[in-house]
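A.B. asks: The following block contains the structure, expressed as structure tokens.
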Amino acid sequence: MALLQATDLAKRFGNTNAVKGISFTIEEGKCVSLLGPNGAGKTSTLKMLSGLLKPTSGTILFQGKQNADLRPFIGYLPQYPAFYNWMSGKEFLVLVGVLAKLGRKEAEKRSEELLERVGLGEAKKRRIGGYSGGMKQRLGLAQALIHRPKLLILDEPVSALDPLGRREVLDMMREMKQETTILFSTHVLHDAQEISDDLLIMHDGKIAVSGDMNQVIRQHQQPIIKVEFESSADNWLQTIKSYHFVSEVTIQGYEASIVLTDMDMGKQTLLKEIAEHGLPIRKFEIAQTSLEDLFMKVVKA
């Protein structure tokens, strides 16, 4: 069932078209990752969906309704959340709950529940100014959930965190997607693939790829051989680019990724030529193109 449907959504800032008439649907109960390089239009899209930016044109339907006040149904965490550092974690959540039109007692109870859930129960009376970056991000998640939203929108929720903080937030997102729909933007493709059901890839203000995560990867997957040489093999690698079974060759130092249209032919021919040319190798690995490969292909298009 469609929870949110955007049609021909566009946003223009002066002469700059940040979002260029995109259309997509977010199904209820799904976790959707929004991917794209800086300047692709991700944050502008999220702000339009959350009601913080008015679209230049296009429509947003939420549960089939247009032009409704979506604030009671959406929880939003910006990339750089702001807090009142002189407040305690609990004081801040209670304030947010009251602003979200919860009764005082309900806001108190909900704040206690969420602080325990995000691992801040013991720090609830501490001033936010003394929280670490990971703690602040978890508090941000709690404030976005205070009013039990139907859609949770997160803009780069792990970008500023260390590996431990990133893992903690991802684990919480995995739990949250059992009870609410999530749309989040990220630059970390591994995270997107790990917890997302669907994906949207934006480039230059447009949706370049969308759909079920696993189906999209399978649809665009190609066989690939990764070779690591002991010394430069650039001359030979340039030669094989013209082979009919080679669709792409990417060279980084002494390593090469060779995308093939015919794995059997490619494997036999390349191994034979490596031996004939006496090219010393450290690794010869057969694999499949990944989400990162697809992302780079879209961005370079």
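Where a number appears in this text, it was derived from the coordinates with a stated rule and is not lab data. Not measured: the values here are computed from a predicted model. In this analysis, Cβ positions are derived from the backbone assuming ideal geometry, glycine residues included, and neighbour counts consider all displayed protein chains.
A.B. asks: Quote to one decimal, in nm, the extra length available between residue 174 and residue 250 on full extension: 0.36 nm per residue of separation minus the C-alpha distance between them.
C.D. replies: Roughly 23.9 nm would be gained on extension.
A.B. asks: Under a Cβ-Cβ cut-off of 13 Å, what is the net charge of the residues other than residue 91 that fall near it, where Lys and Arg count +1 and Asp and Glu count -1?
C.D. replies: +4
A.B. asks: Using Cα centres only, tell me the gap between the range 124-180 and the range 67-109 in whole Å.
C.D. replies: 13 Å
A.B. asks: Can you give the log10 of the normalised intensity I(q)/I(0) at q = 0.13, 0.15 Å⁻¹, computed with Debye over equal Cα scatterers of the range 221-300?
C.D. replies: Scattering profile of the range 221-300, log10 relative to I(0): -0.36, -0.49.
A.B. asks: Here's another thing I want to ask about it. Considering only DSSP beta bridges with both partners in the chain, what is the antiparallel share in %, to the nearest 5? Could you put the intermediate results ahead of the total?
C.D. replies: On the way: 41 of 58 bridges.
That works out to approximately 70 percent antiparallel.
A.B. asks: What value, in deg cm²/dmol to 500, does the helix sum -39500 (n - 2.57) over DSSP H runs of n ≥ 4 give at 222 nm once divided by the residues of the chain?
C.D. replies: One gets -10500 deg cm²/dmol as the mean residue ellipticity at 222 nm.
A.B. asks: I want to check the label-to-label distance for residue 127 and residue 12. Put each point 7 Å from Cα in the C-beta direction and report it in nm to one decimal.
C.D. replies: It is 4.8 nm.
A.B. asks: I've got another one for you. Select from 123, 107, 275 the residue whose mean-square fluctuation is largest in a Gaussian network model of the chain (Cα-Cα springs shorter than 10 Å).
C.D. replies: Among 123, 107, 275, the largest mean-square fluctuation in the Gaussian network model of the chain belongs to 275.
A.B. asks: Given 0.36 nm per residue, what is the gain on full extension from residue 287 to residue 104 after removing their alpha carbon distance, in nm?
C.D. replies: Numbers: separation 183, 0.36 × 183 = 65.88 nm, distance 5.64 nm.
Length gained, residue 287 through residue 104: 60.2 nm.
A.B. asks: Using a simple spin-label model with points 7 Å from Cα along the Cα→Cβ vector, what separation in nm is obtained for residue 297 and residue 57?
C.D. replies: Between residue 297 and residue 57, the simple spin-label model gives 3.2 nm.
A.B. asks: Starting from the Cα-Cα distance between residue 113 and residue 231, subtract it from 0.36 nm times their residue separation and give me the gain in nm to one decimal. Walk me through the numbers before you get to the answer.
C.D. replies: Working: separation 118, 0.36 × 118 = 42.48 nm, distance 5.83 nm.
In short, 36.6 nm is gained.
A.B. asks: List the trypsin sites (Lys or Arg not before Pro) within the range 34-74 that fall in a DSSP loop (any state other than H, G, I, E or B) and whose Cβ has at most 13 other Cβ atoms within 10 Å.
C.D. replies: Hits after loop and neighbour filter: nothing returned.
A.B. asks: Go ahead and set up a Gaussian network model of the chain, Cα springs under 10 Å, then flag whichever of 29, 41, 133 fluctuates most.
C.D. replies: Sorting by GNM fluctuation, first place goes to 133.
A.B. asks: Using Cα springs under 10 Å in a Gaussian network model of the chain, which residue among 219, 193, 63 shows the largest mean-square fluctuation?
C.D. replies: Highest fluctuation of the listed residues: 219.
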